[in-house]
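*Asks:* Before I ask anything, let me first share the structure, which is written out below as structure tokens.
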Amino acid sequence: MNSEKPNSKRKLRSAEWFGIDGKHGFVPRSWMRSQGFSERLLDGRPVIGICNTWSELTNCNRNLRELAEHVKRGVLMAGGFPLEFPVTSLGEPFMRPTTMMFRNLLSMDVEETLRANPIDGVVLLAGCDKTTPALLMGAASCDLPTILVSSGPMLNGKFRGRQLGSGTDVFRLDDEYRTGKLSKKDLGEAEAAMSRSAGTCMTMGTASTMALIAEAMGVALPMNGSIPAPDSRRAVLAEMSGSRIVELVQQGVDLSQILTRGAFENAVKVNGAIGGSTNAVLHLLALAGRLGIEFSLDDWHELGRDVPCIVDLKPSGRFLMEDFFEAGGLPVVMERISEMLDLNATAIEGGTIGERISDAVGYDDEVIRPRDNPLTEQGGIIVLRGNLAPDGAIIKPSAASPELMKHRGKAVVFESAADLRERIDHPDLDVDKNSILVLKNSGPQGYPGMPEVGSMALPAKLLKQGVTDLVRISDARMSGTAFGTVVLHVAPESAIGGPLALVQNGDFITIDTDAQRLELEVDEAELAKRRTAFIPPQPAHSRGYGLLYTEHVQQADKGADFDFLVGKSGTPPSKVSF
Ligand code: FES
């Protein structure tokens with residue numbers, strides 16, 4: 001086997017398996033040939049892993065098996081040898097307590113599978129929310145040539161003449177149902193009309209955000225984030241990605257050469273311009289940690305604060321991902337904020353991000369707005385600090401009510417997500433339109449995995465009065481499809497004794513987004529008394545992965561990655577074991 005292909009810059013990893021004489025080469029070659037692969041495929045060409053999160057338990061990724069075939073065709077066309085393998089899949093609608101608890105597990109699955117096998121480069125097939133960051137994190141820890149292909153957004157939901165956006169309209173429909181405006185039968189019809197094709201949520205939720213961020217960072221081909229899942233052009237993109245990964249292996253372009261500090265800065269700015277999900281904050285902090293890139297929560301504020309949101313998609317705006325694709329997709333957005341971007345960042349297809357977007361043409365200025373007519377002036381993430389969040393908390397201004405961005409109100413405290421569910425609609429709940437809802441014990445350790453309960457449903461009695469938003473504060477996350485004046489990711493979290501644990505009903509809290517402040521108006525002597533009386537909740541797990549998670553997960557301001565996964569180890573082939 002010739003492991004030095006003519007245009008290859010370095011020795012292939014796979015040669016350590018298939019290129020060895022004697023029994024150490026005989027075994028991998030022979031067992032590979034048992035699958036019907038010819039000797040020709042083992043002649044020293046790059047072996048491309050196709051890392052697939054397809055699962056019938058992850059409906060959003062159900063087209064990835066088909067897309068894997070298109071990737072394989074592209075790999076073969078370019079002279080590579082494609083090998084598809086499964087990894088854990090994370091389906092947002094089903095997994096309990098929350099997929100976020102398993103993001104780090106999936107990343108470990110990817111990392112160890114890549115390192116243990118004869119793989120020279122990898123195509124990551126992702127879709128549902130956590131699958132994209134988990135695959136990128138695992139691949140980053142290995143640092144092979146890598147390209148990402150997303151399953152793509154599903155077709156727009158349509159119900160009785162109105163557009164239904166995944167997630168976002170569930171919250172609205174639920175409010176209508178709880179207040180008697182919608183019957184059970186109506187709700188059932190809406191259920192069938194919302195999700196009508198393969199693909200991810202078609203709002204600007206976490207899946208769309210992360211697919212677009214991957215595109216913005218240059219690790220996916222142009223239009224990866226927006227081509228609808230059933231559109232034949234997605235299959236073409238998969239085929240092109242398959243061919244391109246072979247070239248990346250031949251040229252020796254590792255993932256860390258694409259995911260540079262400039263790529264992270266572009267990601268933060270693009271997240272602001274698209275009105276992206278708050279979950280992206282956690283995922284990019286964790287991803288940067290794997291690569292050893294200096295990138296902090298404050299970077300989110302400094303880099304993203306003044307980026308206008310120019311994409312009019314739900315939950316912040318009106319339209320859906322199919323409309324975004326037809327309007328020209330992400331290259332148009334990036335071209336419209338191009339003076340804010342690092343245009344010299346590398347694009348996976350070769351060349352720079354600047355070259356990628358130079359000829360972008362917008363086709364609908366209502367969906368992707370011009371710079372001088374943004375949806376909101378501040379599209380990014382605002383980082384808040386103060387005695388209630390010494391290590392930070394975040395708010396998404398484009399999803400918030402402007403009149404509540406500076407507010408003082410009395411706390412209505414819920415001790416847990418279960419307590420919230422039980423009492424939020426109780427007629428005796430002492431709450432009014434100026435109240436601030438506070439939810440505890442929903443952080444990385446408190447509810448292992450930080451559930452998306454931060455956008456607490458409003459009390460039914462206030463909904464009936466016409467109240468549409470309240471300030472809500474928690475150490476939880478919020479679905480990318482949710483909206484409201486919601487302060488999230490408070491760190492340190494309440495379960496480990498962060499100041500959030502000390503809040504009591506009736507305490508006054510002040511939020512001021514201009515001043516970046518989040519203050520609990522209780523004097524230090526009283527707080528010290530409460531701190532002494534604090535009893536941490538019992539750990540949720542006593543064994544297994546749950547125990548590993550609670551013992552090693554870092555706080556939200558560090559991306560909730562495991563402390564022992566920070567940094568990378570590369571992919572030196574391990575010793576032969578027979
Ligand atoms: Fe999978 Fe929204 S539930 S992308």
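*Asks:* If you take just the helices (runs of 4 or more DSSP H) that sit entirely in region 282-336, which of them hold at least 1 residues that are under 20 Å from residue 156 (Cβ atoms)?
*Replies:* Fully inside region 282-336 and qualifying: 321-326, 330-336.
*Asks:* Also: So is residue 324 of a type in the set (Phe, Trp, Tyr), free of Cβ contacts under 8 Å to residues at least 60 places away in the same chain and within 21 Å of residue 277 (Cα to Cα) or not?
*Replies:* Working: of a type in the set (Phe, Trp, Tyr): yes; free of Cβ contacts under 8 Å to residues at least 60 places away in the same chain: no; within 21 Å of residue 277 (Cα to Cα): yes.
So residue 324 fails the test.
*Asks:* Restricting attention to region 540-578, which residues are touching a helix residue (DSSP H, G or I) at 6+ places or on another chain (Cβ under 7 Å), assigned to a loop (DSSP other than H, G, I, E, B) and free of Cβ contacts under 8 Å to residues at least 40 places away in the same chain?
*Replies:* Hits for region 540-578: nothing passes.
*Asks:* Which one of 252, 292, 304, 317 is at pLDDT 95 or above, more than 18 Å from residue 561 (Cα to Cα) and more than 16 Å from the chain's Cα centre (by Cα)?
*Replies:* 252
*Asks:* What single numbered condition from (1) within 22 Å of residue 208 (Cα to Cα); (2) in contact with a Gly (Cβ under 7 Å, 6 or more places away or on another chain); (3) away from the ligand (no atom under 16 Å from the Cβ) fails to hold for residue 147?
*Replies:* The one condition residue 147 does not meet is (2).
*Asks:* Would you mind finding the one in 202, 223 that is modelled with pLDDT of 95 or more, within 13 Å of the ligand (Cβ to nearest atom), in a loop (DSSP other than H, G, I, E, B) and under 23 Å from residue 59 (Cα atoms)? Break it down stepwise before answering.
*Replies:* On the way: 223 fails: within 13 Å of the ligand (Cβ to nearest atom).
Just one listed residue meets the conditions, 202.
*Asks:* Something else about it: Collect the residues in region 358-413 that are assigned to a helix (DSSP H, G or I) and among the polar types (S, T, N, Q), keeping them in residue-number order. Talk me through it step by step, then tell me what you get.
*Replies:* Step one: of region 358-413, the residues assigned to a helix (DSSP H, G or I) are 397-399, 402-404.
Within region 358-413, 398 is the sole residue that qualifies.
*Asks:* Okay, moving on. What is the number of the single condition among (1) hydrophobic (A, V, I, L, M, F, W, C); (2) away from the ligand (no atom under 15 Å from the Cβ); (3) assigned to a loop (DSSP other than H, G, I, E, B) that residue 173 does not meet?
*Replies:* (3)
*Asks:* Let me ask something else about it. Of the numbered conditions (1) among the basic types (Lys, Arg); (2) under 18 Å from residue 92 (Cα atoms); (3) without any contact (Cβ under 8 Å) to a residue 24 or more places away in the chain, residue 233 satisfies every one except a single condition; which is it?
*Replies:* Condition not satisfied by residue 233: (2).
*Asks:* Let me ask you something else. Do you know which residues across region 84-97 are within 11 Å of residue 129 (Cα to Cα) and either of a type in the set (D, E, K, R) or more than 10 Å from the ligand (Cβ to nearest atom) (or both)?
*Replies:* Hits for region 84-97 are 89, 92.
*Asks:* Ok, one more. Go through (1) of a type outside the set (A, V, I, L, M); (2) assigned to a strand (DSSP E or B); (3) within 16 Å of the ligand (Cβ to nearest atom) one by one and return the number of the condition residue 129 breaks.
*Replies:* Evaluating residue 129 over (1) of a type outside the set (A, V, I, L, M); (2) assigned to a strand (DSSP E or B); (3) within 16 Å of the ligand (Cβ to nearest atom) leaves (2) as the failure.
*Asks:* If I go through region 41-78 residue by residue, how many of them are touching a strand residue (DSSP E or B) at 6+ places or on another chain (Cβ under 8 Å), more than 16 Å from the ligand (Cβ to nearest atom) and part of a loop (DSSP other than H, G, I, E, B)?
*Replies:* So the answer is 2.
*Asks:* Let me ask another. State yes or no: is residue 329 closer than 30 Å to residue 494 by Cα, of a type outside the set (S, T, N, Q) and touching a residue at least 60 places away in the same chain (Cβ under 8 Å)?
*Replies:* no
*Asks:* In a loop (DSSP other than H, G, I, E, B), more than 16 Å from the ligand (Cβ to nearest atom), crowded, with 17+ Cβ neighbours inside 10 Å and in contact (Cβ under 8 Å) with a residue 24 or more places away in the chain, is that true of residue 10? Before you say what the answer is, go through the steps one by one.
*Replies:* Working: in a loop (DSSP other than H, G, I, E, B): yes; more than 16 Å from the ligand (Cβ to nearest atom): yes; crowded, with 17+ Cβ neighbours inside 10 Å: no; in contact (Cβ under 8 Å) with a residue 24 or more places away in the chain: yes.
Against the criterion (in a loop (DSSP other than H, G, I, E, B), more than 16 Å from the ligand (Cβ to nearest atom), crowded, with 17+ Cβ neighbours inside 10 Å and in contact (Cβ under 8 Å) with a residue 24 or more places away in the chain), residue 10 does not qualify.
*Asks:* Yes or no: region 458-470 includes at least one residue that is under 30 Å from residue 552 (Cβ atoms), surrounded by 24 or more Cβ atoms within 10 Å (Cβ to Cβ) and of a type in the set (A, V, I, L, M).
*Replies:* no
*Asks:* Here are the criteria: (1) more than 30 Å from residue 446 (Cα to Cα); (2) in a loop (DSSP other than H, G, I, E, B). Tell me which single one residue 85 does not satisfy.
*Replies:* (2)
The values are calculated or read from the model by the stated rules, or taken from the named source; none is laboratory data. Note that the coordinates shown come from a computational prediction; the quantities given were computed from them, not determined experimentally. All Cβ positions, glycine included, derive from the backbone under ideal geometry; neighbour counts span all protein chains shown.
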